[in-house]
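The values are calculated or read from the model by the stated rules, or taken from the named source; none is laboratory data. The model shown is predicted, which means the values in this text are computed figures rather than measured ones. With ideal geometry, Cβ positions are generated from the backbone for all residues, glycine too; neighbour counts draw on all protein chains shown. With ligands, DNA and RNA removed, areas are computed over all heavy atoms of the protein, side chains included. Shrake-Rupley method; radii C 1.70, N 1.55, O 1.52, S 1.80 Å.
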Amino acid sequence: MSALESRDAAVVDPAVEQDGGVLSRSHRALSVGIVSVVLLIAFEATAVGTAMPVAARELDGVALYAFAFSGYFTTSLLGMVLSGQWSDRKGPLGSLTTGIGAFAAGLVVAGTAQSMWVFILGRAVQGFGGGLVIVALYVVVGRAYPERLRPAIMAAFAAGWVVPSIVGPLAAGAVTEHLGWRWVFLGIPALVVFPLALALPQIRRRASGPVGGEPGSGSFDRRRIRLALGIALGAGLLQYAAQDLRPLSVLPGLAGAALLVPAVLGLLPRGTYRAARGLPSVVLLRGLSAGSFIAAESFVPLMLVTQRGLSPTLAGFSLAAGGGTWALGSWVQSRSRVEPYRERLMTCGMVLVAAAILTAPGVLAHSVPVWIVAVAWGFGCFGMGLVISSTSVLLLQLSAPEEAGANSAALQISDALSNVVLLAGTGAAFAALGGGTAAATAATATDGTRPAAFLAVFLPMAAVALVGAWVTRRLRER
């Protein structure tokens, strides 16, 4: 295919093409640097998820629990669009450094918050920084690695979650119990220094500047910026309406939908909403898989703490094995021998995700041992490793070099927007069924949240994952 051939010729030096792998001499420093950035993001995600139930309880904000997660994803939508244009026109370096700075600043705001809304503001600043970072990293991969190495570097990204998934919940749980939840947020910014020092010089040398090194690639597309603002504001209004649950909240909900729908249609590939074959279905699948899984996972620690009386440390540790199995799934998809079967692997992955989400709320029955969650989530994370890394690989295969940033932004927008919408829906159902009424003070099922509130989260998300399994059959054009 000429577009793919021209892309590789434009961004890969012929001498580099002959190197062995992602840890060969020419790629080693860059690979270690960008995986370190992923490691930082992973540690934040696993640690913060463990501390979140305690933070929400102490700030009297359990009713806004889902908003604390979706606030991150809402602002990340704007960051992703900005990063896609920034990276295509000026190179990924500026977006990456700005994003890491905003990410660290958001952690400080959240860690010093005295109310739940200020805490959510900190999460929103984090999300904007995270949106800038993740798209820039995809552009770095598209420019600095030949196509044959991209599955391997995506597998390395997944492997970067292993140690944080094991250490993060334990460390965050111990810090939360002995020092307080605030130190979980305030301690992470210190980890920013190492990724910056290691990654930025290599990115400047190998992947900076516009495509082809041509100076000045024009100004930003103002229409896409307006759409990005619309999608972020619309998602925020929709989330607010879902959490408020008063008759008047219908008005911001309708306003949010009015902003969101045209923005989504303008920013995602044409045909995404109807699962058109090829790139649109790749983008749609990313949203269905990430949204269903994250929306369900966000409530697992809260369920274990309020319904089964686990400590934050044990509740977080129930998800720890998932980091290793996610990395294993990503490693499996990176093997060259499985390339002809990639779509079938992704179908299996989505079925595993659906099964894990269906199994987790079984612990609402006290006769079911809590370790069932850890086992189920391990299988679900293996499926996610197969799917998420594969969508990234397919997206780069289907993108010309000058479109890598915009298409990577579309992939991440689908991911984040699905998280926002599904967290809004599950959060509204959770609150409507009494999920936040007593959880602020209770630690046991007798006085805590109602089991039906958790079922309203997990069962619909399992159905969304099954829809994703169908979409895996439409990833290639006939």
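Do we have L78 as out of contact with any His (no Cβ under 8 Å at 6 or more places or on another chain), modelled with pLDDT of 75 or more and open to solvent by less than 30 Å² (accessible area, probe 1.4 Å) here?
Numbers: out of contact with any His (no Cβ under 8 Å at 6 or more places or on another chain): yes; modelled with pLDDT of 75 or more: yes; open to solvent by less than 30 Å² (accessible area, probe 1.4 Å): no.
Against the criterion (out of contact with any His (no Cβ under 8 Å at 6 or more places or on another chain), modelled with pLDDT of 75 or more and open to solvent by less than 30 Å² (accessible area, probe 1.4 Å)), L78 does not qualify.
Based on what the data block shows, is A42 within 23 Å of A155 (Cα to Cα), open to solvent by less than 10 Å² (accessible area, probe 1.4 Å), touching a helix residue (DSSP H, G or I) at 6+ places or on another chain (Cβ under 7 Å) and modelled with pLDDT under 80? Judged against the criteria, A42 is a match. The residue that is surrounded by the fewest Cβ atoms within 10 Å (Cβ to Cβ), among those in segment 234-282 that are polar (S, T, N, Q) and farther than 30 Å from T347 by Cβ, is S249. Restricting attention to segment 20-38, the residues that are farther than 16 Å from T97 by Cα, open to solvent by 10 Å² or more (accessible area, probe 1.4 Å) and not in a loop (DSSP other than H, G, I, E, B) total 3. When residues in segment 270-324 are screened for being at pLDDT below 85 and hydroxyl-bearing (S, T, Y), 5 of them pass. In the set (1) closer than 30 Å to L229 by Cα; (2) touching a Pro at 6+ places or on another chain (Cβ under 9 Å), M384 fails one condition alone, (2).
Has segment 330-337 got any residue that is closer than 23 Å to V167 by Cβ and surrounded by 24 or more Cβ atoms within 10 Å (Cβ to Cβ)? Full working, then the answer.
So the first thing to find is which residues in segment 330-337 are closer than 23 Å to V167 by Cβ, and the list is 330-331.
Those still in the list that are surrounded by 24 or more Cβ atoms within 10 Å (Cβ to Cβ) too: 330.
Yes; the residues of segment 330-337 include at least one that is closer than 23 Å to V167 by Cβ and surrounded by 24 or more Cβ atoms within 10 Å (Cβ to Cβ).
Every listed requirement among (1) at pLDDT 80 or above; (2) open to solvent by 10 Å² or more (accessible area, probe 1.4 Å) is met by V140 save one, (2). Restricting segment 168-201 to residues that are under 21 Å from A55 (Cα atoms) and open to solvent by 70 Å² or more (accessible area, probe 1.4 Å) leaves a set whose member that is modelled with the highest pLDDT is W183.
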